[in-house]
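Have a look at the structure below, then the notes.
Values quoted throughout were computed directly from the atomic coordinates according to the rules given, and no laboratory measurement underlies them. Since the model is a prediction, treat every value here as computed from it, not as a measurement. Cβ coordinates were reconstructed from backbone atoms using ideal geometry, including for glycine residues, and neighbour counts include every protein chain displayed.
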């Protein structure tokens, strides 16, 4: 049985309009869940449910260290929150695309809300960001 060890070094770029934020150095965790809505296609006479895929679904969950200032996390949040046309480009391990490091592009994602101040004495301030909606595409570079 083949096994591999994967050390995470995800890259995350978030674009709103003409501004792109590379938050790779400010994110402590990221989760990308992609799929399709399930549509029931069962007809009379079937002996079990039949499902077909509908629209794409996507959810991106990010834990980021809060930072303030131009091109920082809070600046990105205020530029994308409430807008449904944000683009995210995510790779699991660095920027070089390959079969073992696919790049996912999510277009028209929505960040509905964010906790822009989250401070506790003696702790690093973090924010949980959840982007939903939009469409996703997986890309790898093949020789």
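So here's what we get for this one:
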| read-out | value |
| --- | --- |
| Of all DSSP beta bridges in segment 55-143, antiparallel share, percent nearest 5 | 95 percent |
| From the coordinates shown, Cα extents along the principal axes in Å corresponds to which of (1) 37, 36, 25; (2) 57, 51, 28; (3) 63, 39, 34 | (3) |
| Sorted by Cβ neighbour density within 10 Å, fewest at the top, the residues 76, 44 | 44, 76 |
| Value of [θ]222 nm, deg cm²/dmol, for the chain, DSSP H segments ≥ 4, -39500 (n - 2.57) each, nearest 500 | -1500 deg cm²/dmol |
| Cβ-based exposure ranking for 131, 65, in which fewest neighbours within 10 Å come first | 65, 131 |
| Normalised contact order of the chain, rounded percent, pairs of Cα under 8 Å and 6 or more residues apart | 25 percent |
| Between segment 101-124 and segment 2-70, the Cα center-to-center distance that results, in Å | 13 Å |
| Order of 19, 87, 47, 120 - criterion: other Cβ atoms within 10 Å of each residue's Cβ, fewest first | 47, 120, 19, 87 |
| Residue 123-residue 75 pseudo-label distance in nm [points 7 Å out on the Cα-to-Cβ vector] | 2.7 nm |
